[in-house]
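Asker: Below: one structure in structure tokens.
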Amino acid sequence: MLDGNPLILYDCREAPPNIDLKNPDAVRAGLIEAYGDSWWAPISQLVNVIVYGTNAAHDYRFYLNNIAESADTWMVRAEWDACYRDDDPIMPGDQISIGFDGSLWGDATGLVGCRLRDGRLFTLGVWERPDKAGPDWEVDVLAVEAAVQRAFQTYTVEWMYADPPYWQEAIGRWSLAYGDDHVFEFWTSKVVRMMNATERFRTAVTSGDLSHSGDRLTRHVLNAVAREVPQGIIIRKDSPKSKRKIDLAVCGILAFEARADAIADGRLNRRRSRVAGF
């Protein structure tokens, strides 16, 4: 006691900061440091949980006692920033895949491309409700249509995944215009399929198997929070009415998944010309 006030002894052990979460030896050493003489801690089990996990912020904070971003953060900024590239720009004629996520009023509508040969992501278009927009504001559907047409005219689009709600008629027309072997529906509401695509995207970031050009895509990716469901991890906004949009992150996931399916279909080294229009 000091002047009638109890003294509190606070002991906090931390692992070294920014250890490689995919390196089992580094993770094990960090856990041993963080848990100290807590002999009951299942170190080997925790190593597997972290190395094969997909939520680095959670692992840094709860297992390694590091100061980290919010535990429900989906993407660690340092890992995402490490995938930024400003060399080897996307060029007309490049083989790409496309991810599309559409809305009409509240959420944003976005279009993201992904180059087949190296997984480079780039934004083709985004339409967000302006801060001072009136109650009658709607996404400019004609501008979206023009952006899709421009993408198919500029690049060699091998595969497009589009989330259908509100846009089924448009997606049907795109399928007729550009080929039903190039434009496909991808219902993000189908949890297992979306969870698998989200996990592949997140793993590609941590392993450096994709890159991006920054811009608005970064803001949307870093806005996303992880939501745990029985099947795994999916992403969502931080609240249903949040103005922190994540639609380009969804587009990026769909574009990267479309790239994988295009490559699996043998389209990476196959070029063919076609004429298409509305």
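Asker: Among 125, 95, 164, whose Cα sits farthest toward the positive end of the charge dipole of the stretch 53-211 (+1 at Cβ of Lys/Arg, -1 at Cβ of Asp/Glu, about the Cα centre)?
Answerer: 95
Asker: Student exercise: in the chain, how many lysine pairs 8 or more apart or on different chains have Cα atoms under 21 Å apart? Each step should come with its number before you reach the end.
Answerer: On the way: 132/237; 132/241; 132/243; 132/245; 190/237; 190/245; 237/245.
Taking the Cα cut-off of 21 Å, the pair count is 7.
Asker: What ³J(HN,Hα) values, in whole Hz, does the Karplus curve 6.51 cos²θ - 1.76 cosθ + 1.60 give for the stretch 127-137 when θ = phi - 60°, with x put for Gly and Pro?
Answerer: 10, 10, 5, x, 4, 9, 5, x, x, 8, 5
Asker: Moving on to the next point. Rounded to whole Å and ordered largest first, report the semi-axes of the equivalent ellipsoid of the stretch 171-278 derived from its Cα gyration tensor (root of 5λ). Present the calculation step by step, with values, prior to reporting the outcome.
Answerer: Numbers: eigenvalues 145, 56, 45 Å².
Calculated on Cα positions only, the semi-axes equal 27, 17, 15 Å.
Asker: Apply the Karplus parameterisation 6.51 cos²θ - 1.76 cosθ + 1.60, with θ equal to phi minus 60°, to every residue of the stretch 111-122 and state each ³J(HN,Hα) to the nearest whole Hz, in sequence, with x for glycine and proline.
Answerer: Those phi angles translate into 9, 10, x, 9, 6, 5, 6, 9, x, 6, 8, 8 Hz.
Asker: Suppose every Lys and Arg Cβ carries +1 and every Asp and Glu Cβ carries -1, with no other charges. What dipole size does the chain come out with about its Cα centre, to the nearest 20 debye?
Answerer: Details: 32 positive and 40 negative charges, 127 e Å.
For the chain, the charge dipole is close to 620 debye.
Asker: Also, quick follow-up: After finding the eigenvalues of the alpha carbon gyration tensor for the chain, what semi-axes result from the square roots of 5 times each, listed largest first in whole Å? Present the calculation step by step, with values, prior to reporting the outcome.
Answerer: On the way: eigenvalues 337, 99, 46 Å².
Output for the chain: semi-axes of 41, 22, 15 Å.
Asker: Next up: May I ask you to give the percent of accessible area on the chain that is carbon plus sulfur, with a probe radius of 1.4 Å? Write out the running numbers ahead of the final one.
Answerer: Numbers: 7610 of 14730 Å².
Carbon and sulfur together cover 52 percent of it.
Asker: Per DSSP helix of 4 or more residues, -39500 (n - 2.57); summed, then divided by the residues of the chain. What does that give at 222 nm, rounded to the nearest 500? Can you show the working numbers first?
Answerer: On the way: 9 runs with 102 residues, N = 278.
Using -39500 (n - 2.57) per qualifying helix, the result is -11000 deg cm²/dmol.
Asker: Leaving out ligands and nucleic acids, and using a 1.4 Å probe, what accessible area per residue does the chain come to in Å²? Show your work: numbers first, answer last.
Answerer: On the way: 14730 Å² over 278 residues.
Result: 53 Å² per residue.
Asker: Okay, next question. Taking R0 as 41 Å, what FRET efficiency do you get between residue 231 and residue 25 from their Cβ-Cβ distance, rounded to the nearest 0.05? Could the numbers behind the result be given before it?
Answerer: On the way: r = 31 Å, r/R0 = 0.75.
Calculated transfer efficiency: 0.85.
Asker: Moving to a separate point now. Return the equivalent ellipsoid semi-axes of the stretch 140-194 as a descending list in whole Å, where each equals the square root of 5 times an eigenvalue of the C-alpha gyration tensor. Provide the component values of the computation, followed by the final result.
Answerer: Values: eigenvalues 76, 38, 20 Å².
Equivalent-ellipsoid dimensions as semi-axes: 20, 14, 10 Å.
The values are calculated or read from the model by the stated rules, or taken from the named source; none is laboratory data. Only a predicted model underlies this, so the values are computations on that prediction, with no experimental measurement involved. We place every Cβ from the backbone using ideal geometry, glycine too, and count neighbours over all the protein chains shown. To get the accessible areas, we keep the full protein, side chains included, count just its heavy atoms, and leave off ligands, DNA and RNA. Shrake-Rupley method; radii C 1.70, N 1.55, O 1.52, S 1.80 Å.
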